[in-house]
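To start, the structure itself, in structure tokens.
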Amino acid sequence: MSELLTSSEYLHHHLQHWAVNVLPGSGSQFWVLNLDTLVVSFLLGFGLLFFLRRTAVAMTIDSPSKNQLFVEMVIDFVSATVKDGYHGKSALIAPLSLTIFAWVFLMNFMDLIPVDLIPRLLSFVGIHHFKAVPTADPNATFGMSFGVFLLIIFYNFKMKGGLGLGKEVLTTPFGKGSSMVWVLFPLNIGFHLMEEVVKPMSLSLRLFGNLFAGELIFLLIALLPWWIQWSLGGLWAIFHILVITIQAYIFMMLTIIYLSMASEAH
Amino acid sequence: MDINLTLFGQLITFAIFVWFVMKFVWPPIAQIIQQREDQIAEGIAKGHQGEKDLLEAQGKAAVVLQEARHDAALLLDRANQRADKLLSEAKTQSQQEAQRLLNAAEDEVGQLINVARETIQKEAVDLASGMMEKLLQGLDKKQHKALLAKALEGEQ
């Protein structure tokens, strides 16, 4: 990119995915794969799992390594959060929470890597568009929240049974115990649909919005003259350390709460 | 903000990651943490127990020491009493022995005195009768009578 770009060209360039359409003939944008999102998130997740597994295998009782202590700390933290939020017993919730927290944190962390570094490096090997922050791609955040959504539905059925769930959907929040409750069935169904659909939306849009905005601001800062970038860039990066951690925590926390709500009758 | 096939790619990746963590990461780590917690709790409990045992042992030692002191005092007391008793017995015995020896000596002295007296009497009688014989040989019947009468007078 030795040629000079205008500001809008620069922004536009940075907001394009490294993408491939798996069904080029269809003319539909649905068959596009954002390779940058997929590759970065997979590499981060794979590295995370590799580290966790290696630490788990090497764990000892008497002489813990620093890695072990670090992992124990994170696991204790996640464990405590799960115990506070989810009162049932489940072998899935805690590992799910750990995966969400750590993976989202790592994907968010890509935001702290200088915005031009990775795209510039990759431009040498012929990849000219690259967005390095997977969580700034709604496909990544919706992918995860959709997974959580499926789990919410699954837990609703598992914990309450088809009948219990049906009764809850039809008779709450309005008209419970009344003989004319059937009049309110459509209203209740509407409420429940809305309530459930809003959950994955709120999960993924919150994360996406925060990270996309964060990235955009880094891009805008990168448009400043080079001798002043450090001031705003440094400030925003320091602030962002907080943001990415909190966003990862919120995603985990809300997942636990949603699954807890799915497991308990209203 | 285009939603496309990437979403399902991410969903599958997510599912696999969660499955892996649930299967191969969380259980071993949770188990070790549990064991470590148990061990630490056990160590602390043992520490407390040790402290308790120490206090108990110290208490016991104090009691034993006091008993030993008490016993020693008792023994000393008894020994003193015994010594006193032995001493007083010995005193009495020696006094009695001394008295006995004194008595015996006195008896002997008495006897000796008697013997001496008898001897003296005998010698005196012999002397007297000898002298008498010698005297009587020179006296007449009259003088003899007067002398006898005088002697008898003196005897009465």
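Computed quantities for the displayed model
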quantity	calculated
Some residue of region A:137-144 being among the acidic types (Asp, Glu), without any contact (Cβ under 8 Å) to a residue 60 or more places away in the chain and within 12 Å of chain B (Cβ to nearest Cβ)	no
Unique match (being more than 14 Å from chain B (Cβ to nearest Cβ), in a helix (DSSP H, G or I), buried (at least 19 other Cβ atoms within 10 Å of the Cβ) and of a type in the set (Phe, Trp, Tyr)) among A:212, A:218	A:218
Output for region A:33-56, where each listed residue is open to solvent by 70 Å² or more (accessible area, probe 1.4 Å) and more than 7 Å from every other protein chain (Cβ to nearest Cβ)	A:43, A:46, A:50, A:54
Filtered residues of region A:103-116 (kept if over 9 Å from the mean Cα position of the chain (by Cα) and open to solvent by 40 Å² or more (accessible area, probe 1.4 Å))	A:106, A:109, A:112, A:113, A:114, A:116
Answer from A:70, A:30 - the residue that is closer than 30 Å to residue A:115 by Cβ, more than 10 Å from chain B (Cβ to nearest Cβ), part of a helix (DSSP H, G or I) and open to solvent by 40 Å² or more (accessible area, probe 1.4 Å)	A:70
Answer from A:12, A:17 - the residue that is more than 12 Å from chain B (Cβ to nearest Cβ) and either more than 29 Å from residue B:40 (Cα to Cα) or open to solvent by less than 60 Å² (accessible area, probe 1.4 Å) (or both)	A:12
Checking residue A:191 against (1) crowded, with 21+ Cβ neighbours inside 10 Å; (2) part of a helix (DSSP H, G or I), the condition it does not meet	(1)
Only one of A:119, A:64, A:24 that is open to solvent by 50 Å² or more (accessible area, probe 1.4 Å) and either more than 30 Å from residue A:223 (Cα to Cα) or more than 8 Å from chain B (Cβ to nearest Cβ) (or both)	A:24
Selected residue (criterion: most open to solvent (accessible area, probe 1.4 Å)) from residues of region B:1-33 that are among the polar types (S, T, N, Q) and facing chain A (nearest Cβ under 7 Å)	B:13
Contacts under 8 angstrom Cβ, first residue in region A:215-242 being within 19 Å of residue A:106 (Cα to Cα), partner part of a helix (DSSP H, G or I) and charged (D, E, K, R), 6 or more apart	A:215/A:111; A:218/A:111; A:240/A:111
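Listed here are the residues, each with its yes/no results for (1) farther than 30 Å from residue A:61 by Cβ; (2) in contact with a strand residue (DSSP E or B) (Cβ under 6 Å, 6 or more places away or on another chain); (3) at pLDDT below 95; (4) of a type in the set (A, V, I, L, M, F, W, C).
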site	(1), (2), (3), (4)
B:44	no, no, no, yes
B:57	yes, no, no, yes
B:80	yes, no, no, no
B:118	yes, no, yes, no
B:126	yes, no, yes, no
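The values are calculated or read from the model by the stated rules, or taken from the named source; none is laboratory data. Quick caveat: nothing in here was measured; it's all calculated off a predicted structure. Please note: Cβ atoms are built from the backbone with ideal geometry, for glycine as well, and neighbour counts cover all protein chains shown. All accessible areas refer to the heavy atoms of the entire protein, side chains included, with ligands and DNA or RNA removed. Shrake-Rupley method; radii C 1.70, N 1.55, O 1.52, S 1.80 Å.
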